[in-house]
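Undergrad: Before anything else, here's the structure in question.
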């Protein structure tokens, strides 16, 4: 691609948050968890503009409230994040602890505490082991380097592995890099709360532009995998831009569109990694709804299907049960004309004008046995469309979430 | 109880729909399913007033649309219901089949087809085997008798057993009886669609009064177990009142209140049987929310908790994970002041002013190991309250809903 001096290289590059110039990161074990890495720091050598998108949950963890204040000023220099403890429902002490985490980073890397973003993920309702963090944070700051992967590892909870992505685009000959890391691990948002995503870029652009680009990117990625509206207390997506690429500031036009596109690619890549790694998930389904009376009706239907236990178990069992799909979409609260509904699993049309297509069922079952499934619903009423990513519901999910043992395991 | 000549005997009596005077019923096998009973007829010897509450799903089965027309006239004499096939998403032919089922009953018992209600439950999207029903319906009508249990058995799908209830109240010295039967079998509404409930009473009362009493009863029972809004294509609650008790017509005052109370007891009894028999369910939880800013906020919170996979799996694992509860209630969309939230499991307070009560957790875990759990959430904001019945989510649910084999089994 090369339009008006802007080109995007969509091939992922390695390094995650340290792929862009001027960012360093570290991930260490400090003792929040028993053994596994539990503390990450990401820092920029230069001043950054910052943007963030936070959980809409009315119960917000202390670090979320703290970081919202930092973002309100549009500037930050570093992110500190721990796993193993969410610092949520921890009262005024929790708030003070989040502030102290920021101060500890600020002191170590010589920035102002108001320039440090804080995030936590893990068990809700326990106070942070601040002694461990007081020892750990200076140590992590000493080890800051090209350790995007190490940092990505230190924010995991029940995830099976780290999630990083990066992309490069060119603006007027200057390469601009975007990197990111994420953690997820619930099919829905997990019991240890939280999807976290940290994004870095060496692009030069105003905070307001970064904010709007981030919101667009999140709407097309992480907000599409919020598969049951079960937002956690700790969800956040944070972005830092330090301008080290030396590009002409991105303020609009083609450059902005391409930056948004590249940022969207990185966040979608991370969101897909999160949903693929959902607790107990064995497959991912993209649910596309078109022809709804309105955008909001399309959303209702897409999320209804994505969150229906019966649809999720049918995906798991590779069962082309179109009756369940009809019943689920009818209960979405959206306008539906039964005899205009068309449903496709991949290329196989299993519902035509509201009636089942018997001949397609074996082809549909074959599609459903794959690990990436496309489910398309045409409502035949208007122009509204939506698409959502979901995963199947397996016995394994119940085992992970139904037992003490698993929970204990998660903080080890 | 005995107030102003009205008393209620809440002890269940046997007989289900045939407990009230002048009602007969039959349940037979006619061949919709391979072996098990699949056809029920309930009929009154006298003219009846009738009322019904139907699914809000936009995809409505043919019998639902047909019965809605019958109910619009406020009169009926009989109900015919089959299991094994939902007659949903079956187009104009399905509509004609529902009408023919009514005509077959009408001819057999000498009433008008407009006086016969029709219900179906089972697989969506297949045409009814009308030959089997043409033979079966006259046969069932020949066998009408005191077979409330037999009829209750013939409407089951994945249920583990029939669900019947009955109550007696006295109005000015005249005993008045209410009977009912139901089927359920999804933890949520099951894949074979549908909660069906048929109620009979020998009370004398106008159709409009029966209608309002039925709506009140359903609001307090079946609508409290709609645990994920996943209404089916076939849900319906039908009531017939034939006046055989000879009581003074119930039009208001204490007599109406007591009739509503008794009808509410019967429907709640049946709804509890449905939720206890949920697919894979091992326990039932009553979730009570008080102190919400409004009734609708209370509903949002109660349903959010009742439908949260994380809460359901925590119930299953007897895990007093109050953090999950806080996160779930925060995501309900209702007004929440974190530091005013109190949460109780039975008598054990696990959250005080938004913070966990460590000392109560073992008592709460013991409560959660029981089969009937009370979960109370006080929001401390206003007067809004709600309560909802739900059940746990087990591996068994996934097995039932994730496999072809199970589905084939259900229609055998």
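Undergrad: What fraction of the Cα pairs in segment B:110-268, stated in percent, has a spacing above 29 angstrom?
TA: Beyond 29 Å sits 23 percent of the P(r) for segment B:110-268.
Undergrad: Note down the relative contact order for segment B:284-393 as a percent, whole number, built from C-alpha pairs under 8 angstrom at least six residues apart.
TA: 49
Undergrad: If I model a spin label as a point 7 Å beyond the Cα along the Cα-Cβ vector, how far apart are those points for residue B:215 and residue B:95 in nm?
TA: Those two pseudo-labels are separated by 2.6 nm.
Undergrad: Over all residues in A:309-321, what is the mean tally of Cβ atoms on other chains that come within 10 Å of each residue's Cβ?
TA: Other-chain Cβ atoms within 10 Å of each residue's Cβ, averaged: 6.
Undergrad: For a test of the definition: using alpha carbon positions, the gyration tensor, and the 1.5 limit on a/c, classify segment A:71-203 as rounded, prolate or oblate.
TA: Judged from the Cα gyration tensor, segment A:71-203 comes out oblate (a/c at least 1.5, b/c at or above a/b).
Undergrad: For each of A:303, A:66, count neighbouring Cβ atoms within 10 Å of the residue's Cβ, then give the residues from fewest to most.
TA: The fewest-first ordering by Cβ neighbours comes to A:303, A:66.
Undergrad: To continue, here is another question. Taking 7 Å along the Cα-to-C-beta vector as the label spot, tell me the residue B:352-residue A:47 distance in nanometres, rounded to one decimal.
TA: Going from the residue B:352 label point to the residue A:47 one covers 4.9 nm.
Undergrad: Where a ≥ b ≥ c are the square roots of the eigenvalues of the C-alpha gyration tensor, would you call segment A:237-341 rounded, which needs a/c under 1.5, or, failing that, prolate if a/b is larger than b/c, or oblate?
TA: Because a/c hits 1.5 or more and a/b fails to exceed b/c, segment A:237-341 counts as oblate.
Undergrad: By the gyration tensor of its Cα atoms, with a ≥ b ≥ c the square roots of the eigenvalues, what is the shape of the protein assembly as shown: rounded for a/c under 1.5, prolate for a/b over b/c, or oblate?
TA: Note, shape of the protein assembly as shown comes out prolate.
Undergrad: With angles folded into 0 to 90 degrees, how steeply does helix A:295-307 sit against the dominant principal axis of chain A? Use alpha carbons for both and round to 10.
TA: 90
Undergrad: Could you list B:35, B:276 so that the one with the fewest beta carbons within 10 Å of its beta carbon is first and the one with the most is last?
TA: Neighbour counts put them in this order, fewest first: B:35, B:276.
Undergrad: Right, another one. Counting only other chains, what is the mean number of Cβ atoms within 10 angstrom of the Cβ of each residue in peptide B:338-346?
TA: Whole-number average of other-chain Cβ neighbours for B:338-346 is 1.
Undergrad: A further question follows. Name the residue, out of B:285, B:62, B:366, whose mean-square fluctuation peaks in a Gaussian network model built on chain B with Cα pairs under 10 Å.
TA: Taking springs between Cα atoms under 10 Å, the residue moving most is B:366.
Undergrad: Which FRET efficiency, nearest 0.05, do residue B:160 and residue B:288 yield, Cβ-Cβ r, R0 22 Å?
TA: So the FRET efficiency works out to roughly 0.20.
Undergrad: Taking only DSSP H segments of four or more residues, each worth -39500 (n - 2.57), what value at 222 nm results for chain A once the sum is divided by all its residues, to the nearest 500 deg cm²/dmol?
TA: -10500 deg cm²/dmol
Undergrad: Let me ask something additional. If each residue's Cβ is checked for other Cβ atoms within 10 Å, how do B:29, B:73, A:316 rank with the fewest at the top?
TA: Listing B:29, B:73, A:316 from fewest to most nearby Cβ atoms yields B:73, B:29, A:316.
Undergrad: For residue B:135, place a label point 7 Å out from Cα along the Cα→Cβ vector, do the same in each other copy, and report the separations in nm, one decimal, smallest first.
TA: 8.1
Undergrad: So, one more: Starting from a label point 7 Å past Cα on the Cβ side, list the distances from residue B:353 to the same position in the other copies, nm, shortest first.
TA: List, nearest first: 6.7 nm.
Undergrad: Something else about it: Quick check: convex hull over the Cα atoms of segment A:57-133, volume per residue in Å³, rounded to an integer?
TA: Output value, Cα hull per residue: 81 Å³.
Undergrad: May I ask you to list the residues of segment B:363-380 whose amide nitrogen lies under 20 Å from a point 7 Å from Cα along the Cα→beta-carbon direction of residue B:337?
TA: Counting backbone N atoms under 20 Å from the label point, the list is B:377-380.
Undergrad: Here's something else I'd like to know. If one puts a single equal scatterer on every Cα of chain B and applies the Debye formula without solvent, what log₁₀ I(q)/I(0) results at q = 0.08 Å⁻¹?
TA: -0.44
Undergrad: Closest approach to the B-A rotation axis by any Cβ of B: residue and distance in angstrom?
TA: That would be B:395, 2.
Undergrad: Give me the mean projected area, in nm² to one decimal, of the convex hull enclosing the Cα positions of segment A:284-393.
TA: Hull-based average projected area comes out at 5.4 nm².
Undergrad: Which distances, in nm and shortest first, link the residue A:249 label point to the same label point in every other copy, taking 7 Å along Cα→Cβ?
TA: 8.0
Undergrad: Once both axes come from the Cα atoms, what is the angle between helix B:130-142 and the longest principal axis of chain B, in degrees from 0 to 90, rounded to 10?
TA: Taking the Cα atoms of chain B, the angle to B:130-142 is about 80 degrees.
Undergrad: If I take R0 = 30 Å and measure r between the Cβ atoms of residue B:112 and residue A:359 in this structure, what FRET efficiency does the formula 1/(1 + (r/R0)^6) give, to the nearest 0.05?
TA: That pair, residue B:112 with residue A:359, gives E of 0.15.
Undergrad: What is the helix-to-structure angle for A:62-72, meaning the angle in degrees between its Cα long axis and the longest Cα principal axis of chain A, kept from 0 to 90 and rounded to the nearest 10?
TA: Compared with the principal axis, the helix lies near 80 degrees.
Every number in this text was worked out from the coordinates using simple rules, so none of it is lab data. Keep in mind it's a predicted model, so treat the numbers as computed, not measured. Positions of Cβ are generated from backbone atoms using ideal geometry, with glycine treated the same way; all protein chains shown enter the neighbour counts.
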